[in-house]
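Just below is one structure, and these are the notes that go with it.
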Amino acid sequence: MSASRPRQFDLIAFDWDGTLFDSTAIITRCIQRAVVDVGGQEPTREAASYVIGMALNQALAYAAPDVLPDKYPELGLRYRHHYVQHQDDISLFDGVLPMLAALKARQHWLTVATGKSRRGLNDALQDVALQGVFDGSRTADETAGKPSPLMLHELMREFGVVPERTLMIGDTTHDLQMALNAGCPSIGVSYGAHEPDAFHALKPLAVLHSVAELTDWLQQHA
């Protein structure tokens with residue numbers, strides 16, 4: 001490891017939706033509309049937001065238990081249809097870009113571990129402000145859905161980093177459970193999809209309530 005690498009964490013893995021990207025409300029509504037489109041009962045807001053971060057089929061099975069699996073391809077298409085209508089309404093949370101720039105300047109490797117598809121993440125990373133920010137990424141459709149640790153295992157292997165020097169940051173219990181399964185420390189953020197009451201059982205280093213708090217914590221401890 002280079003002596004110029006930071007003291008505690010070499011690799012920081014971020015969840016995407018609800019952690020860096022302010023997309024929770026729109027994703028929740030798109031899931032609800034897609035289920036209704038294929039004849040299912042509209043899931044509650046709580047059920048639809050709970051599945052954010054899961055791989056698509058796993059999410060659909062939870063949010064739409066009355067929809068048969070043979071309708072999942074159609075359900076996925078309807079979800080993407082609704083999401084595309086609103087994707088230009090979604091943006092990074094305020095403060096995310098300066099936070100990432102500061103971490104980059106301190107020579108952390110910055111990565112994304114997300115339940116999005118590779119296509120969906122690549123579309124999001126087209127933003128010119130994000131060009132060159134992330135050193136690596138893994139998506140659920142190319143590895144395994146959360147809380148499987150495979151995304152983190154692959155990222156750690158790619159960069160040659162051990163679990164205790166890898167930090168996972170996310171807004172759901174799926175993110176924190178994935179980190180626990182991978183043997184990595186984690187941070188929970190409360191401004192995304194899941195209520196933070198369930199976070200503490202998964203032993204995050206901290207639960208933070210804004211991007212500003214997250215930035216301060218990383219500056220002091222990462």
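In table form, for the structure just shown:
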quantity	calculated
Condition check for T19: β-branched (V, I, T), modelled with pLDDT of 85 or more and surrounded by fewer than 21 Cβ atoms within 10 Å (Cβ to Cβ)	no
Single residue of the stretch 85-94 satisfying the filter (out of contact with any Asp or Glu (no Cβ under 9 Å at 6 or more places or on another chain) and within 15 Å of D17 (Cα to Cα)) that is modelled with the highest pLDDT	H86
Selected residue (criterion: surrounded by the fewest Cβ atoms within 10 Å (Cβ to Cβ)) from residues of the stretch 179-188 that are in contact with a helix residue (DSSP H, G or I) (Cβ under 6 Å, 6 or more places away or on another chain) and under 20 Å from T24 (Cβ atoms)	S186
Matching option when the condition is closer than 24 Å to G95 by Cβ and either of a type outside the set (F, W, Y) or surrounded by 15 or more Cβ atoms within 10 Å (Cβ to Cβ) (or both), among M156, M168, M151	M168
Residue count, the stretch 45-57 (criterion: out of contact with any Asp or Glu (no Cβ under 9 Å at 6 or more places or on another chain) and either at pLDDT 90 or above or crowded, with 17+ Cβ neighbours inside 10 Å (or both))	5
Considering residues of the stretch 189-210 that are within 24 Å of I27 (Cβ to Cβ) and among the aliphatic types (A, V, I, L, M) only, the residue surrounded by the fewest Cβ atoms within 10 Å (Cβ to Cβ)	A198
Odd one out for E42 among (1) surrounded by fewer than 24 Cβ atoms within 10 Å (Cβ to Cβ); (2) among the charged types (D, E, K, R); (3) within 20 Å of S137 (Cα to Cα)	(3)
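The values are calculated or read from the model by the stated rules, or taken from the named source; none is laboratory data. A quick note: this is a predicted structure, and the numbers were derived from the prediction, not measured. Here the Cβ is made from the backbone with ideal geometry for all residues, glycine too, and neighbour counts use every protein chain on show.
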